Amino acid sequence: MISVDQETPTSSLAQAPVSTLPLETQLKQALEHIAELEARDALKTQFLANISHDLRTPLTAVITHAEILRDGILGPLSDRQLDSISGIINGGRQLLAQVGEILKYARGAANQLTITWTEFQLGDVIAQQGTLNESLASKKGVTLETDVPADLEPVSADREKVGHIIGNLLGNAIDFTSNGGRVWVRVTRGQGPDGPECVIEVGDTGIGIDPAHHELVFREFAQVDSSASRQHHGTGLGLTIARKLVELHGGRIWLESALGAGSRFYFTIPHPAR
Amino acid sequence: MNAALPHVLVAEDNPLVCDAMRVLFGETGHRVSTAGHVAEIVDIAESDPVDLLLLDLGLADGDGFDVLDQLRALKVPPRVTVALTGRDEPDIVARCLAAGCEAVLLKPVPARELLDRAGSWLATD
């Protein structure tokens, strides 16, 4: 059973006693307080960017040495030794992905993420992400399906970042779906508030999310179950980054889900008619 | 060292990564030098022509672009230069390619892939 044990954020301003100072002074104090908080937030973001960059370097050494052994460059290994080395590499690569996620978040928070617009077939990116996630799905006994209209026109977006969004949603969907379940990616044409768009749906038949927690899942560092015994691990940044990347494209992201009823995450990419 | 083997210079200021690259290339038929300071990198390249320069952008006393500028000025450019970096922002990638890098690879590149690609780069003139 999942539960929310994240503390409700409170504002020190909201808790401050009623002041008798003139309004102008109170406003000045509040603005100074905001400026200080913004400066601290910027420091935190810079720290995250620095630490994640610095963590990559020793990880590079660990992974490369392990791959040298695995690939037999220093001589042949027994099957048991190979298994053990593969464990080091997989652990290192997983850690590296999490470090990369923190770096991407930090860049997003500092508005340093830029979109490189190109035209590409959405179906190609979905197929690529499907291939990348195939072994994870098959290990869990989860069926992976894709449904993209064959006549869909190319989209104009940042291919790498769209791949990142789909990869993140797919990874979550597989992670939260148990043996015998289904995960799918479906693309449809839609009409958004600003015109035609592509709607990308990543759905699953997994454990689902209580509607009360739908906004929480997009919040930075938040996990629906943040207890030490939680079954699903990660930085708690994946969906925050996904939302940032979708918004940079001028799109929207949301979910439909209920406990025990699976989840369907949707995001849009503006897709003007030609 | 066997002078007939291709010379790989690893320009990297982290000794752990240097060690890993030294083993990877040293055990697979290359002569390997490593250095983390701009002046040291340039000295090595001047005294022993470099076939493949694996260049980190953040060095102890400057950046990889300083190295490329100096090697070009001294007319001892490596046969092939590849940026091996922790940064893959589009503007950095574009700057590396404009500075003459054959490729820009995000660390860590899988060991076997790096060896295979090095083989292709060194096979072309």
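The values are calculated or read from the model by the stated rules, or taken from the named source; none is laboratory data. None of these values were measured; they are calculated from a predicted model. Note that each Cβ is placed from the backbone with ideal geometry, even for glycine, and that neighbours are counted across all protein chains shown. Areas reflect the complete protein model, heavy atoms only, side chains present, ligands, DNA and RNA absent. Shrake-Rupley method; radii C 1.70, N 1.55, O 1.52, S 1.80 Å.
Beta bridges from DSSP with both residues in the protein assembly as shown: antiparallel share about 55 percent, rounded to the nearest 5. Across peptide B:109-117, the average count of Cβ atoms from other chains found within 10 Å of a residue's Cβ is 4. Residues considered: B:Leu59, B:Leu16, B:Leu71. Largest GNM mean-square fluctuation over chain B, using C-alpha springs under 10 Å, is found at B:Leu16. Based on Cα contacts under 8 Å between residues 6+ apart, segment B:12-125 shows a relative contact order of 22 percent. Using Cα-Cα distances under 8 Å and only pairs 6 or more residues apart, what relative contact order does segment A:12-154 have, in percent? It comes to 23 percent, rounded to a whole number. Summed over both chains, the accessible area lost when B and A associate is about 1700 Å², using a 1.4 Å probe.
Counts of other chain beta carbons within 10 angstrom of each beta carbon in peptide A:67-76 average 4.
Rounded to the nearest Hz, the phi-derived 3J(HN,Hα) couplings of segment A:125-134 under the Karplus curve 6.51 cos²θ - 1.76 cosθ + 1.60 (θ = phi - 60°) are 5, 5, 4, 4, 5, x, 4, 4, 9, 4, where x marks glycine and proline.
In segment A:109-211, Cα pairs under 8 Å separated by at least six residues give a relative contact order of 29 percent. By DSSP, the beta bridges lying fully in chain B are antiparallel in about 10 percent of cases. I want the local charge near A:Val199. Using Cβ-Cβ distances under 10 Å, sum +1 for each Lys or Arg and -1 for each Asp or Glu among the other residues. Computed value for this residue: +1. Computed over protein heavy atoms with a 1.4 Å probe, the accessible surface of segment A:8-167 works out to 61 Å² per residue. The distance linking segment A:12-85 with segment B:67-125 is 28 Å (Cα centroid to Cα centroid, whole angstrom).
Inter-chain neighbour count for B:12-19: the average number of beta-carbon atoms from partner chains within 10 Å of each residue's beta-carbon is 4.
Across all directions, the average flat footprint of the convex hull enclosing the Cα atoms of the protein assembly as shown is 26.8 nm².
Excluding A:Asp71 itself, calculate the net charge of residues whose Cβ lies under 13 Å from the Cβ of A:Asp71, where each Lys or Arg counts +1 and each Asp or Glu counts -1. Around A:Asp71, the charge tally is -2.
Applying 1/(1 + (r/R0)^6) with R0 = 30 Å to the Cβ-Cβ distance of A:Asn90 and A:Asp147 gives a FRET efficiency near 0.45.
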